[in-house]
1. Here are the criteria: (1) crowded, with 24+ Cβ neighbours inside 10 Å; (2) outside any helix (DSSP H, G or I); (3) at pLDDT 95 or above. Tell me which single one residue 404 does not satisfy.
2. Cβ-Cβ under 6 Å, sequence separation 6+ or interchain: first residue in region 414-428 and under 14 Å from residue 282 (Cα atoms), partner aromatic (Phe, Trp, Tyr) and crowded, with 16+ Cβ neighbours inside 10 Å. Which pairs?
3. Which residue, of 417, 409, is at pLDDT 95 or above and either hydroxyl-bearing (Ser, Thr, Tyr) or buried (at least 24 other Cβ atoms within 10 Å of the Cβ) (or both)?
4. Has region 276-289 got any residue that is aromatic (Phe, Trp, Tyr), surrounded by fewer than 24 Cβ atoms within 10 Å (Cβ to Cβ), modelled with pLDDT of 95 or more and in the same structural domain as residue 405 (by TED's automatic domain parsing)?
5. Can you tell me how many residues within region 235-260 are part of a loop (DSSP other than H, G, I, E, B) and in contact with a helix residue (DSSP H, G or I) (Cβ under 7 Å, 6 or more places away or on another chain)?
6. Looking at 348, 341, 387 in this structure, which one is assigned to a loop (DSSP other than H, G, I, E, B) and farther than 14 Å from residue 191 by Cβ?
7. Within region 39-50, how many residues are within 30 Å of residue 352 (Cβ to Cβ) and touching a helix residue (DSSP H, G or I) at 6+ places or on another chain (Cβ under 6 Å)?
8. With 399, 378 as the choices, which residue is in contact (Cβ under 8 Å) with a residue 12 or more places away in the chain, surrounded by 24 or more Cβ atoms within 10 Å (Cβ to Cβ), touching a Cys at 6+ places or on another chain (Cβ under 7 Å) and within 28 Å of residue 23 (Cβ to Cβ)?
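The values are calculated or read from the model by the stated rules, or taken from the named source; none is laboratory data. What you see is a predicted model; the values in this text were computed from it and never measured. FYI the Cβ positions are ideal-geometry reconstructions off the backbone, even for glycines, and counts take in every protein chain you see.
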Amino acid sequence: MESISVFDMLKIGIGPSSSHTLGPWRAAERWINELKSQNILKEVTHINVDLYGSLSLTGKGHATDLAVILGLTGSDPETIPIDQITVLIDRVKEKKSLNFNGENEIDFDWETDINFHRKFLPFHANGLSFTAITNHKKIKSTYYSIGGGFVVKEERKNAKKNLEIFKNFPYPIRNGADLLNYCKELNISISQLVALNEESLRSKSEIDHQIERIWHCMLSCMYIGCHTEGNLPGGLNVRRRAFDIHQKLMHQDSYNNEHEWLEAIRHTEVKFRQIFKWVSCFALSVNEVNASLGRVVTAPTNGSAGVIPAVLMYYLTIENHQGGFEEIKQFLFVAGEIGSIFKKGATISAAMGGCQAEIGVSSAMAAGALCELMGGTPEQVVTAAEIAMEHHLGLTCDPIAGLVQIPCIERNSMGAIKAIHAAELALETDPKQAIVSLDSVVDTMWKTALDMHAKYKETSEGGLAVTVGLTDC
């Protein structure tokens with residue numbers, strides 16, 4: 001049975017989109033490794049890149065072309081200095097050459113060597129091909145960015161069942177029923193079950209190190225977003241709102257870094273109405289950083305990256321001031337497992353399922369995770385996830401001008417609030433009396449995705465993108 005690690009669901013990368021930015025970036029890296037394995041990378045004299053479907057229709061707004069180039073230079077999205085991105089891109093554009101994987105300087109014209117095709121390839125809505133030209137032949141490889149930074153090759157068959165990374169988990173989980181059965185059999189929580197699976201792949205110290213990296217990236221992202229003002233890039237001139245909200249909420253509190261900032265928030269007097277402002281501030285801050293090509297954690301995607309950190313910060317700053325690393329790990333374990341159930345049973349790609357597959361899934365992940373931290377049973381945890389998704393079913397993806405800004409940024413705020421409310425409702429629910437199960441809502445989400453018109457799946461050809469009329473910024 002396919003098994004997906006928490007660290008597959010929560011990945012560090014550059015914004016604004018996991019499927020349109022991180023995925024194509026990783027596809028370029030994978031292609032480079034294939035060429036190196038054939039000992040032909042240094043023989044390449046020219047490269048062509050072809051983008052299809054959603055990668056083409058919203059590719060420029062989602063910085064797909066930029067991500068592909070960065071991948072071809074050999075840069076790593078987890079470690080590349082943010083201030084070096086523009087430098088690298090400008091060099092390629094101005095010199096009309098590309099240092100392929102940092103070891104082979106070749107001619108490359110940004111305007112003619114990256115091609116945008118409106119047609120959709122049959123396997124998935126996010127398709128891209130790389131063609132390498134040598135003195136003797138052309139070598140072409142096609143990849144699909146299937147959401148959350150996951151990339152597969154064209155020859156892989158059955159998108160619903162065989163797109164996962166196979167791992168030897170002692171407790172393989174296909175759906176919510178499996179999850180609850182294991183928890184009942186072993187008499188443990190969901191986070192404890194996830195820990196058993198993760199520890200079959202890597203040491204506890206490595207797990208803790210990875211969790212620390214993920215949390216540090218989330219916290220830093222919120223900190224940067226709350227301390228950066230001005231307008232977002234892209235042409236819509238969307239004003240950053242996290243900065244203004246944060247200024248009003250913090251008053252004159254002093255701190256020197258993100259960790260002191262967290263403690264300062266914990267000691268801020270919070271009234272009922274301010275709770276919603278804080279949650280919105282956290283969510284907006286992450287996605288404003290994401291929209292400006294900052295480093296975020298896919299949770300499960302870049303477009304929905306603000307929900308999980310916002311809800312986790314809500315817990316740490318409102319519900320439990322003593323919460324620390326163990327609670328953060330517990331939260332991320334549960335969130336990752338719930339996300340993997342949606343990925344295996346449906347999709348986390350907006351190009352396949354609309355925004356229900358991104359904000360809806362992230363809200364479900366956060367709701368379940370918060371529910372466990374608040375003392376919920378495994379049955380209540382999956383109920384929380386079900387409630388959150390139930391109220392996102394049918395949500396379309398129609399980014400104005402192809403940018404991950406409107407309505408994407410606000411939707412993270414809404415998804416976070418819904419997650420908190422879903423967790424609270426689940427804690428007051430007897431799961432034995434629940435009519436809708438997590439597995440039934442996952443199945444419904446997938447069927448809704450199949451029924452949804454293609455123009456509402458991250459194409460900017462329907463909904464707000466058309467009604468507002470700002471199609472080219």
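1. Only one criterion in (1) crowded, with 24+ Cβ neighbours inside 10 Å; (2) outside any helix (DSSP H, G or I); (3) at pLDDT 95 or above is unmet by residue 404, namely (3).
2. Correct list of pairs: empty, since none qualify.
3. After applying the criteria, what remains is 409.
4. Yes - at least one qualifying residue is present in region 276-289.
5. Result for region 235-260: 6.
6. Only one candidate qualifies: 348.
7. Matching residues across region 39-50 total 2.
8. It is 399.
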